[in-house]
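Everything on this sheet refers to the single structure shown next.
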Ligand code: SF4
Ligand code: SF4
Ligand code: FES
């Protein structure tokens, strides 16, 4: 079996306020949808928000090494589907 | 439970981004100029324009309007020719916040069609034509095999919508109009939503409902920043719902707030404990005197509803003051020189604060969140700091629907049984119910009516940051590790 896909939802303060509060549902939804092919967790500040003015692109989610800016549930699910293809 | 009460995500992202930029501008060495530049920084030359707007200039004009609200001014009353830099200057000089905390960005309103009845493509031009036959106003005719509504004759009664066997006729709703429990917001002749402030109870439901984010709160953030910068002893009074908003422990949240420059942090749950004790005693006394029922009085939106729309409810509403009232009284007694700032989940508290000389300013949770972003405070990395006065479990649970009635019940003697009725959110229907109870002088469902303007209680407030479910979980954890109010009595 291939390596698991890892999804890291940033729950640092910047991302949380800018919208990852609404991404917390991914943490329940992803295992239900993809079983153990995908590993999902909420993580502390990924360090992306403090670079220059990058707070405005928060919330951030990392799918493996790819960074998703202004992440939404839909964007993250799409990125996972792409990887699983 | 219908729990999706938060503002659509994209517009709250915009509103919060503007707040962060305003705060950063204020803390920079050139507040006025950096404020003027906000729309340009957000939409630089050649940047993409979202497909719902015509061009970059329109887009910037709208961002400018949003920044006006962030500076605490009315968008409607501000002349187009005034520069944001002038407004920034004015905001810094302002002594008292505006009387009404809401303002509508009408330029964003344009895309929203006025409420009307509309025949969709699903119309089959059927032989039965129940729509034509049902319409009492003769507004429907069949043209080219399809039914057509004459807008001059249509009275928006919706009968045709109900009888069409294909569900081909729909009522187009205006989100803000349909969300408002008291009919205080409507589109005017120009298609722009307008709030009638004589009717408005500041519940904030229109702000949450508008998909264009057109309804804004006038922020008091600049006023608070100014006081802190001037070295005034500024004290935060944090309403219980705040403890569900950011991913950290309550004690870390206190530390994070101190980092913003506040001198001290009080829990409003401390004032809620006074409310509970006073209200339980009042309920007992009223019942002994034969009262049929009593309603709670802690929700600012509900209080404004009674004052403006259901005066006949006044005798049944508890005379006990709100948790904010008692907390502010304690804070000012202990710190007569302090500037007090209430941290609120909703816009209604801004109105209540205007009537209370002990509360100087109100900030909502979006504004606090934006402030933390601007300063780069990571709450989960903060140390822990204990509150000097520990509030009870019941007080900390005030922000959850049912929590207030439950707290009062805890303190009632056995021979005074309370039968709580929970009004979980004001809607046109629940407003009708309340009017009925007031008119009849009784409520067949119980004798202690708890009214929360927001669905879910304060955790469903219009300017909360966290989603409802995780916020509830976090607050419940805090409640579970707290002591019961009974222990304060014994
Ligand atoms: S919902 Fe109301 S405020 Fe929002 S765009 Fe439509 S009319 Fe304007
Ligand atoms: S704040 Fe509430 S009462 Fe006022 S216009 Fe909006 S929905 Fe209506
Ligand atoms: S909070 Fe998410 S990257 Fe910093």
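All of the numbers you see were taken from the coordinates with simple rules; none came from a lab. Small disclaimer: the values here were computed from a predicted structure and weren't measured. Here Cβ is always computed from backbone atoms with ideal geometry, including for glycine, and neighbour counts include all displayed protein chains.
Restricting the calculation to Cα atoms, the stretch A:1-50 yields a radius of gyration followed by a Dmax of 11.9, 37 Å.
Considering only A:69, A:32, A:57, the mean-square fluctuation computed in a Gaussian network model of chain A, springs between alpha carbons under 10 angstrom, is largest for A:32. The fraction of all Cα pairs in the stretch B:324-379 landing in successive 10 Å bins from 0 to the largest distance is 24, 44, 29, 4, given as whole percents.
Seen from a random direction on average, the alpha-carbon convex hull of the stretch A:5-84 projects onto 4.5 square nanometres.
Could you state, as a whole-number percent, how many of the C-alpha pairs of the stretch B:223-489 are farther apart than 35 Å?
Values: 5072 of 35511 pairs.
The answer is 14 percent, as a whole percent.
Over all pairs of different C-alpha atoms, the protein assembly as shown has a mean inverse distance whose reciprocal, the Kirkwood radius, equals 25.6 Å. Note on residue B:137 and residue B:355: the model spin-label points, each 7 Å out from Cα along the C-beta direction, lie 3.8 nm apart.
Relative to one another, the C-alpha centroids of the stretch B:389-462 and the stretch B:143-165 are positioned 42 Å apart.
Note on the stretch B:287-442: Kirkwood hydrodynamic radius from all Cα pairs is 18.1 Å, rounded to one decimal.
Length gained on full extension, residue B:387 to residue B:100: 100.0 nm, using 0.36 nm per residue less the C-alpha separation. In chain B, the DSSP beta bridges split such that about 40 percent are antiparallel, to the nearest 5. Compute the Cα gyration tensor for the stretch B:201-248, then decide on rounded, prolate or oblate, letting a ≥ b ≥ c be the square roots of its eigenvalues: rounded whenever a/c is under 1.5, prolate when a/b is larger than b/c in the other cases, and oblate in all that remain. It is oblate, given that a/c is not under 1.5 and a/b is not larger than b/c. Relative contact order, whole percent, for the stretch B:116-172 stands at 49, derived from Cα pairs under 8 Å and 6 or more residues apart. If you wrap the Cα atoms of the stretch B:270-340 in a convex hull and average its projected area over all directions, you get 5.5 nm².
For a distance above 16 Å, tell me the whole-number percent of Cα pairs in the stretch B:201-322 that qualify. In whole percent, the long-distance tail amounts to 74.
Over every Cα atom in the stretch B:116-172, the radius of gyration and the widest Cα-Cα span, Dmax, amount to 9.7, 25 Å. When the helices of chain B are scored as -39500 (n - 2.57) per DSSP H run of n ≥ 4 and the total is divided over every residue, the value at 222 nm lands at -11500 deg cm²/dmol.
Using only alpha-carbon positions in the stretch B:415-490, the gyration tensor eigenvalues give semi-axes of 27, 22, 8 Å once each is multiplied by 5 and square-rooted (largest first). Within chain B, all pairs of alpha-carbon atoms sorted by distance into 10 Å bins from zero give the percentages 4, 18, 26, 24, 16, 8, 3, 0, 0.
Two decimals, Cα atoms only, Kirkwood Rh: what is Rg/Rh over the stretch B:154-241? Before the final figure, lay out the partial values.
Numbers: Rg = 20.2 Å, Rh = 16.8 Å.
Computed over Cα atoms, the ratio is 1.20.
When all C-alpha to C-alpha distances in the stretch B:56-187 are sorted into bins of 10 Å, what percent of pairs does each bin hold, rounded to whole numbers? Final binned percentages: 11, 29, 20, 16, 15, 8, 1.
At 222 nm, what helix-only mean residue ellipticity would chain A give, in deg cm²/dmol to the nearest 500, using -39500 (n - 2.57) for each DSSP H run of four or more?
Numbers: 3 runs with 27 residues, N = 85.
So the calculated ellipticity at 222 nm is -9000 deg cm²/dmol.
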